[in-house]
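For reference, the structure discussed in these notes is given below.
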Amino acid sequence: MARFFVSPEQVRKDMIYIYDGDVNHIKNVLRMRIGDELSVSDGEGTDYHCAIEELDKDIVKVRIINSWQSYSELPVKLYLFQGLPKADKMELIIQKAVELGAYEIIPVSTARSIVKLDDKKAAKKIARWAGIAESGAKQSGRAIIPEVKSPMTFKMALQYAAELDATLIPYEKAEGIEETRTIISSLNADGVKSVGIFIGPEGGFTEQEVELAIGAGAKPITLGRRILRTETAGLTTLSILMFEFEE
């Protein structure tokens, strides 16, 4: 069933009003008609099963058949701090991170990041990344559209992460896998509600960056004996945490 996101203000009594690009998608791409059913989320945790009642030029009106609190979100908010990678890898990372339950994706400019974004380039990238996050949220049945933040410096990212309950940084010199298992399981036992994950770009973090992160409270973990690419490491960590926290 096709899925769409609206703001809570678009939900009025037993009707939902859909605007903008979704109108064209419903009418001209999906070629939906009066009576066709679709799924709508208000982006704040409520899902609606609806049927199309009116198809106008700039608006689609749907009648609510049923509603319920979404069960698709993890009980813990996962923040992916991703070192800016080369080429279009960030697009893949965002798409899959959304599918795996990330709450926010934060692009981070690090010492070894080859990609450098000025304000103009960053604005275009963020708009495209936001569209990819929305598409991923629709496809995977998320109750929210995870936000892709504006790129941050490494120090800014550490300051942002300081507000979270816990922060992890996969690091090749971290203790063995048993120590990592203990750290991961302790997050659940301690009842944390927000976890940050720091992933380096191609080439990883510098020793100084790792020291800064650990000094700021990040816990180093290992992802095993194999060397993972930047587009694999974050998704692996998200998968581990999803498995740990899924209810």
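Computed quantities for the displayed model
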read-out: Amide proton proximity set for PHE5, modelled H, under 5 Å, gap of 5+; value: SER41
read-out: Rounded FRET efficiency, nearest 0.05, which uses the C-beta distance separating LYS13 from GLU91 and R0 of 25 Å; value: 0.05
read-out: Protection proxy ranking of 65-77, 90-102, 14-26 - average other beta-carbon atoms within 10 Å, highest first; value: 90-102, 14-26, 65-77
read-out: Amide H partners (placed H, <5 Å) of LEU168, local residues excluded; value: GLY196, ILE197, PHE198, LYS219
read-out: Separation of the GLU163 and GLU247 label points, Cα + 7 Å toward Cβ, nm; value: 2.3 nm
read-out: Fraction of accessible area attributable to carbon and sulfur, the chain (%, probe 1.4 Å); value: 49 percent
read-out: Sequence-distant aspartates and glutamates (8 or more away, or on other chains) whose Cα lies within less than 16 Å of LYS173; value: GLU207, GLU209, GLU211
read-out: Rounded to the nearest 20 debye, dipole of the chain from Cβ charges on Lys, Arg, Asp, Glu; value: 820 debye
read-out: Rounded to 5, percent antiparallel among DSSP beta bridges of the chain; value: 45 percent
read-out: Karplus-derived HN-Hα couplings along the range 118-125 (A = 6.51, B = -1.76, C = 1.60, θ = phi - 60°), whole Hz, x at Gly and Pro; value: 7, 4, 5, 5, 4, 4, 5, 5
read-out: For the chain: relative contact order, % (alpha-carbon pairs under 8 angstrom, 6 or more apart); value: 21 percent
read-out: For LYS77, distant residues with modelled amide H under 5 Å away; value: SER194, VAL195
read-out: Nearest-10 value in Å² for the accessible area of THR230, using the 1.4 Å probe; value: 10 Å²
read-out: Cα centroid separation, the range 16-90 to the range 200-233 (Å); value: 35 Å
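The values are calculated or read from the model by the stated rules, or taken from the named source; none is laboratory data. Bear in mind the structure is a predicted one, so any value in this text is a computation, not a measurement. Positions of Cβ are backbone-derived with ideal geometry, glycine not excepted, and every protein chain shown enters the neighbour counts. Note: accessible area is taken over every heavy atom of the protein model, side chains too, but ligands, DNA and RNA are not part of it. Shrake-Rupley method; radii C 1.70, N 1.55, O 1.52, S 1.80 Å.
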